[in-house]
């Protein structure tokens, strides 16, 4: 077999590996109900319930922030985030949470907010906060 | 009924819009003329060529016109224009008005088309026989870019988005019913605080110059295929490809530096989709460069070189689509939202994609091919392999970053990997191991055929040296705690640095033309070393171990508690430092927190101290704040600090301690405690003690007129709190209509002191101490991260750019001599 053919096969194998690994490690968008049935990390899209309490008290614990989110299906769940309350959190319109269910609380490792942009009403802006360290 | 609006300055907008349309028309004319000039086989008729040049000059001039009009509007704060209102405000200094210019998408396109015009003019001057076909492609690109800022309705469909859109046309509001609405719009919305950074003045132009210059190698490739000058175009395009790689690389790292200096995600690279998108074309272009050089020297790898050059430019358009179409909304932090140009951008990609497929396909049989395989012990074979792996690393980035695109195409609902940073790190490091190792041992190979024994001896000797050094580095920096793939990358990077160091030494001994590539490879290797150590072993030194645990099973997971609360003037130990929050300083709209870092020795003596001033910008209108970090740079590590929360702002440090009385104010304190004291007595309280030094008569009180038989008595107090001393003099005023207390506040110590009674007979006084409750005291919540050896990352970049520059000079010289 020619060297170029062998190399060609290697390249194709790597390309396939890339695609499979992406697909295998990809997560799903789910509701809180679905999150309760699994142990894996997933994404939940919902919005902040502004009627309920946003709890953050730096004097007690600077790394504990909890709030309530209603998902797209209408289910509500308490969410806990290890970190400070993100800037402009109250003004978020939509929240994408990454994390998993622990007992009856959703422990988020990442929060991505969609806020009406700080300076314009006609545009949307997203921000993301993560509880994870620079994991390498 | 049309409303006769007052006070608007419509002229610059109209003029600008004329220039916009003119730039489009001229580009189109230039495209058509260059096309006919190219296809005219007789070559005798110069009129098309002349016309094409004139049209291109008009296009360039009108782009400058558009830019001037826009800047005039921004500079004069004409807020009737949406662009000025949306991105700038009166308080912005002029240099940020410049960055306001490219704050919006329209400005980005303008910058892109401007650079492309500049490059076009350089080509008209330099390209000689290549001018006609190459400029046809450049003009085509100019036409498409011009449509992006056209902002004209055709058949009810808005084509492009013009920077000269009026505010009253951009949004609907009742205010625009009023003819003098402008008198209500006093100021613009201002610029996002995180963009108010000097790097934002130079990063976008650099990045856009890099993206724009990708068109030149693309145009040469298309021209070569079109005109059947298959071989010649590659030599011509190499210097331009080097230039594009150099500038785009610089632009990307500048963005990384901006993020590190002014954003608070705590790092220099986050694998955000927008960041990834800017790297796609760079990776393929660097791959392309290597195979172009292979082809020039050996005649191998032609198809690969052509493919990579073509795909690089298509990827420029694809990354522009990702950034501007709004498709990344759910996954990216800083993607733009859709300006209604989704399909417009798709068409842009398709035009160049179809061109890149069509031409190679119809010319397929004529393309130069090498008849025999490359030798295994040849430089060209391994350079080819390296390019392929660069392209594959780009593929991985594209596949993962494009998850929302796949969802849109296939109607699926896949979410991106939940820990995509780890995924990217592992994959990209694996590719980087291969690339750096190849950049190492390939230097020992010659084109065509190499002496096998000699090659192996050299390559392995250097590998052993590299292993020894890498082991030491891995041990001392703590990389051994990371995954194996990162240790291997360290080895690859060190190997690449060493081997290319040897090549550089040889270059100084005489083979100087090889110096450029050696320097660039050394730079890339150092960049990898720096990125790996800084990101892999960065240490959060503000780790919180004292905070109350709310939920024990939550803490058991490896959830880092990275934020620490620091009360004013109450030092906290963080890593090797003792950190205190000592004050605030305000320079509107920025609020700086003064944070004192001290390194104490065992005896408690200060070994080293420095002040960091991370800032927060509070937005009163919208609520909330935006924080920017501050970083202490050392030669071998950085200390990065930013504020994540604070409870109170003292708007002006100088106004504190003013006599303010009123019942409301007392609510901010714990219940007052009166103390009966004699001169010299000490009052103890939670955070220290207060010494009563004596009483004195005052004959005037701030706003009160003292008459006869009226007096003010002041108590001299000295407060010592956490090693700091403050003086306070609360007053007790006796007037004819009663007695008044004038307490004194010491905000820094969280105290209010009042002189509430004087008993002259016993020489006693009553001092009432108001103490702020723990939670009401001023505090900040902060995060501090140490980044070791990050300077390798920045200096590696600079060295790599120098290498590119040296190569440009070399290849340019080759062009002239050949």
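The values are calculated or read from the model by the stated rules, or taken from the named source; none is laboratory data. Remember, it's a predicted structure, so these values are computed and weren't measured experimentally. Every residue, glycine among them, receives a Cβ derived from its backbone with ideal geometry; neighbour counts consider all protein chains shown.
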Original post:
Before we move on, is residue B:782 surrounded by 15 or more Cβ atoms within 10 Å (Cβ to Cβ) and closer than 30 Å to residue B:501 by Cα?
Top reply: no
Original post:
Only one of these conditions is not met by residue B:379: (1) under 26 Å from residue B:416 (Cβ atoms); (2) more than 9 Å from every other protein chain (Cβ to nearest Cβ). Which number is it?
Top reply: (1)
Original post:
Quick check: is even one residue across region B:166-183 in contact with a strand residue (DSSP E or B) (Cβ under 7 Å, 6 or more places away or on another chain), in a helix (DSSP H, G or I), under 22 Å from residue B:83 (Cβ atoms) and in the same structural domain as residue B:86 (by TED's automatic domain parsing)?
Top reply: yes
**OP:** Could you grab me the full set of residues in region B:610-629 that are modelled with pLDDT under 90, assigned to a strand (DSSP E or B) and more than 18 Å from residue B:779 (Cβ to Cβ)?
**Re:** B:617, B:626, B:628
Original post:
assigned to a loop (DSSP other than H, G, I, E, B), more than 55 Å from the chain's Cα centre (by Cα) and at pLDDT below 80: does that describe residue B:706?
Top reply: yes
**OP:** Pick out the one residue from A:96, A:80, A:102 that is modelled with pLDDT of 60 or more, surrounded by fewer than 17 Cβ atoms within 10 Å (Cβ to Cβ), at the interface with another protein chain (Cβ under 9 Å from one of its Cβ atoms) and closer than 29 Å to residue B:784 by Cβ.
**Re:** A:102
Subject >> Selection count where residues are closer than 26 Å to residue B:152 by Cβ and at pLDDT below 95, scope region B:180-220 >> reply: 6
Subject >> Condition met for residue B:268 (surrounded by fewer than 20 Cβ atoms within 10 Å (Cβ to Cβ) and closer than 18 Å to residue B:790 by Cβ) >> reply: no
Original post:
Mind checking whether some residue in region B:748-759 is closer than 18 Å to residue B:673 by Cα, outside the structural domain of residue B:250 (by TED's automatic domain parsing) and outside any strand (DSSP E or B)?
Top reply: yes
Original post:
Is it the case that residue B:524 is assigned to a strand (DSSP E or B), modelled with pLDDT of 90 or more and under 23 Å from residue B:633 (Cβ atoms)?
Top reply: no
**OP:** Could you tell me which residue of region B:730-739 is nearest to residue B:677 (Cα to Cα), considering only residues that are surrounded by fewer than 22 Cβ atoms within 10 Å (Cβ to Cβ), touching a residue at least 24 places away in the same chain (Cβ under 8 Å) and touching a strand residue (DSSP E or B) at 6+ places or on another chain (Cβ under 7 Å)?
**Re:** B:731
Original post:
Given B:5, B:72, B:78, which one is under 36 Å from the mean Cα position of the chain (by Cα) and assigned to a loop (DSSP other than H, G, I, E, B)?
Top reply: B:78
